[in-house]
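Taking it in order: structure first as structure tokens, then the write-up.
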Amino acid sequence: MNGKGFATVIHFIKKEFQQLKRDPKMFAIVLAAPVLQTIILGYAATFDVNNVDFYLLDRDRSSSSRKYVEKIVNSGYFTMKGAGENYDEVENAIMNGNAAMGLIIPRDFEKDIENNTGAKVQVLLDGSDGNKGSIAFGYVQAITADYAKNILLEKIERNGIVAPLKSVNAETRIWYNPELKTRVFMVPGITALLLMIITTLLTSLAIVKEKEFGTLEQLIVTPIKPWQMILGKILPFTILGFMMILLVNSVMVFWFGIPIRGSALFFLFASLLFILSTLGIGLFISTISKTQQQAMMVTVFGVMMPMIYLSGFVFPIENMPKIIQYITYIIPLKYFITIIRGVILKGIGIAELWRETLILASMGISILFLASKRFHKRLE
């Protein structure tokens, strides 16, 4: 690139930023919106279940049943919304959405415990929310097991048995996210998601806007070379992308307290590789769209939503059907999310993530090159 060509590219970059400056609303959307979205999604995008409303039917009304219900309530995971007199009241509470769980304690609950015949309780769960239902079931199982263990220990002490009970105990150590907070897992993925949205959408809309206003045709008849125009168009969005990364990561570190455990330089390098893919996709969309509305629809429904669903951002890829898993291999966001979660949460680097980095680099360069060639032909 000679000095004159470089100056032309710089002129394009200045022009793009001047357009943003003349449109304060767009500038706010580009930089302020990702920060707000990170904060909102950081709290909203969670699968943690901290409170389950339940309806009680205690047919035994004994000291043992009261202790069992108190143990469930005191766990901090359950809130009793009411107590019924019959089965239909519990069923209606779940059906009407007033409770997510019904707890039914049968008659002779305490008697069965004392006679050592095995006491049972019935748990009704609202399966319309499978995630919440399965987590609530796990909570009930753990609380019930602990309650049964305490009963057994009381019987041993009451009967004067001194021999220790021996069993298998698992000592669990949770790495990278000791509190198992969904937020810690989701926020790094939100960073990747917002970067994809900003760079892809802005690139496709900015070039189509030039078509609508007729300025693209004016540029074509000038002696500006196509590669200068392409660089001048995509470099500003690359800069905006990095600015957004710095802002969003600042929110992640200082607001949510999620540190970047790995190399920040490797994180930025991987971000650049991912930006190559998103810019290439945005550039390609601009060549097949005639209006900004059309470009936005193609970007949102043709690119963003499939990437969100198939990247592992929310849904585990290993749980998908095999045919869908094969499709995920062509999703750049999948590899970028794997990289940033590895860097941020585990502190690993290119030595462990070289395969994902190589694939992301190959995809980014290929997509941008092919999109640039198509854009070059459209200009000609």
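The values are calculated or read from the model by the stated rules, or taken from the named source; none is laboratory data. Predicted model, so just to flag it, every value in this text is computed and none were measured. Cβ atoms come from the backbone with ideal geometry, glycine included; neighbour counts cover every protein chain shown. Surface areas here come from the heavy atoms of the whole protein model, side chains and all, with no ligands, DNA or RNA. Shrake-Rupley method; radii C 1.70, N 1.55, O 1.52, S 1.80 Å.
Couple of notes before you dig in:
- Of the residues 25, 15, the single one that is at pLDDT below 75, out of contact with any helix residue (DSSP H, G or I) (no Cβ under 9 Å at 6 or more places or on another chain) and either in a helix (DSSP H, G or I) or of a type in the set (Asp, Glu) (or both) is 25.
- Counting the residues of the stretch 321-376 that are surrounded by 16 or more Cβ atoms within 10 Å (Cβ to Cβ) and among the hydroxyl-bearing types (Ser, Thr, Tyr) gives 5.
- There is no residue in the stretch 268-286 that is loosely packed, with under 13 Cβ neighbours inside 10 Å, at negative phi and more than 16 Å from the chain's Cα centre (by Cα).
- Residue that is least open to solvent (accessible area, probe 1.4 Å), among those in the stretch 123-136 that are under 24 Å from the mean Cα position of the chain (by Cα) and not aliphatic (A, V, I, L, M): 133
- Check on residue 265, at pLDDT 90 or above, open to solvent by 50 Å² or more (accessible area, probe 1.4 Å) and among the hydrophobic types (A, V, I, L, M, F, W, C): yes
- The residue of the stretch 97-122 that is surrounded by the most Cβ atoms within 10 Å (Cβ to Cβ), among those that are of a type in the set (S, T, N, Q) and more than 30 Å from the chain's Cα centre (by Cα), is 122.
- The stretch 103-128, residues that are in a strand (DSSP E or B) and under 16 Å from residue 51 (Cβ atoms): 103, 125
A quick yes/no check of all residues on (1) modelled with pLDDT of 90 or more; (2) hydrophobic (A, V, I, L, M, F, W, C); (3) assigned to a helix (DSSP H, G or I):
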{"position": "273", "(1), (2), (3)": "yes, yes, yes"}
{"position": "293", "(1), (2), (3)": "no, no, yes"}
{"position": "300", "(1), (2), (3)": "no, yes, yes"}
{"position": "325", "(1), (2), (3)": "yes, no, yes"}
{"position": "328", "(1), (2), (3)": "yes, no, yes"}
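- Among residues that are more than 25 Å from residue 362 (Cα to Cα) and of a type outside the set (Lys, Arg), residue 259 is included.
- Of all residues making up the stretch 239-260, the number that are surrounded by 14 or more Cβ atoms within 10 Å (Cβ to Cβ), at pLDDT 90 or above and more than 16 Å from residue 36 (Cα to Cα): 2
- Restricting the stretch 78-87 to residues that are open to solvent by less than 90 Å² (accessible area, probe 1.4 Å), modelled with pLDDT under 90 and of a type outside the set (A, V, I, L, M, F, W, C), the residue that is nearest to the chain's Cα centre (by Cα) is 82.
- Screening residue 134 on (1) outside any helix (DSSP H, G or I); (2) more than 13 Å from residue 59 (Cα to Cα) shows it passes everything except condition (1).
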